[in-house]
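None of the figures in this text is laboratory data; all of them are computed from the coordinates on show. Keep in mind that what you see is a predicted model, and the values were worked out from it rather than measured.
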Amino acid sequence: MANLRKKGITLLKILFSFVLLYFVFTKIQFSEVWEILKGSNFYYLFAALLLFIISKVFSALRLNLYIHQIKIFLTQLSNIKLYLLGMFYNLFLPGGIGGDAYKGYVLKKQYEVKTKSVVSILILDRLNGLLLIFVISCLLALLLKEDRINSYKIFFGIAISLSILVFWVFNKRFFSFVYPVFWKSLGFSALVQLAQLVSVLFILKALDVEGNNIAYLFIFLISSIVSVLPLTIGGIGSREVVFYYGALWLALDENTSVSISMLFFLITALVSLMGIIYHFRKPELKETII
């Protein structure tokens, strides 16, 4: 029964992804998007790919900080392999076991650690990343030249300080066992998002987009938050919808905006596909000598 329910949810996510994609492509000219994609500069796209890979390495290092706090001292290489396999499961096997669930399962199975501890670090790792996306989104909002939000900019400034303070109290009060890595993990999250923003800048260069960089980066971060919601498969469809409406709201070119979203997804899919190696040859987890 549980398996049937899981398959049903997966089917709904796939259908919802296709509905959103269909909606977006009825609003824009797909032929124009295709021409934009065909004319993209390969060298800049390769640079965007490298920056995305770097961002995922930083993300894996952040997760390993948390893993070490529950007395599992994985080597960085073992952790990166496990992280890559998790990316593959998240995107390509949504009907099976999710990437985070698989990482938790492996850690629980191989090491004597409480389920609560494993679940806690996986959730905190996600929340840490979302916090920095939110913070940088607010920073970019302060830089946006958009009259409709000028009167709200003071609230963005307050939101930055308040969100960090709330997360700090949350960690210190309820998850003291991971508190020693609080600031270091935030630092890694900042590096993750900065690397991804540079990756998007290279995509903009690949598409020969001039100006409005801050606006496109702001839309990208908002789409990153929305894509985390478990409504679609790998954020497919939801990211494109955000890019489309973001372009309308900020008076940008919708076709270019959706093209950016599609290229970023293709880069994500390409890197995630590398994890298939460890699907067939499960990574051997090794620990550092303390």
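Which shape class, rounded, prolate or oblate, goes with region 91-220 when its Cα gyration tensor gives a ≥ b ≥ c as root eigenvalues, a/c under 1.5 marks rounded, and past that a/b bigger than b/c marks prolate? Note, shape of region 91-220 comes out oblate. Our coupling estimate for region 154-160, obtained by passing each phi through the Karplus curve with A = 6.51, B = -1.76, C = 1.60 and θ = phi - 60°, is 4, 6, 5, x, 5, 4, 4 Hz, Gly and Pro reported as x. When the listed pairs 172/205; 56/108; 145/184; 205/286 are checked against a 31 Å cut-off, the alpha-carbon distance exceeds it for 172/205; 145/184; 205/286.
3J(HN,Hα) along region 256-262, derived from phi through the Karplus expression 6.51 cos²θ - 1.76 cosθ + 1.60 where θ = phi - 60°, amounts to 5, 4, 5, 4, 4, 4, 5 Hz, with x in place of Gly and Pro. Separation of region 149-190 and region 49-94, taken as the distance between their Cα centroids, equals 22 angstrom.
Above 15 Å lies some portion of the pair distances; for region 97-164, what is it as a whole percent of all C-alpha pairs? Value for region 97-164: 63 percent of Cα pairs lie more than 15 Å apart. Under 5 Å from the amide H of residue 287 lie the amide H atoms of 75, each residue being 5 or more positions distant or on a separate chain, with H modelled from the backbone and absent for Pro and chain starts.
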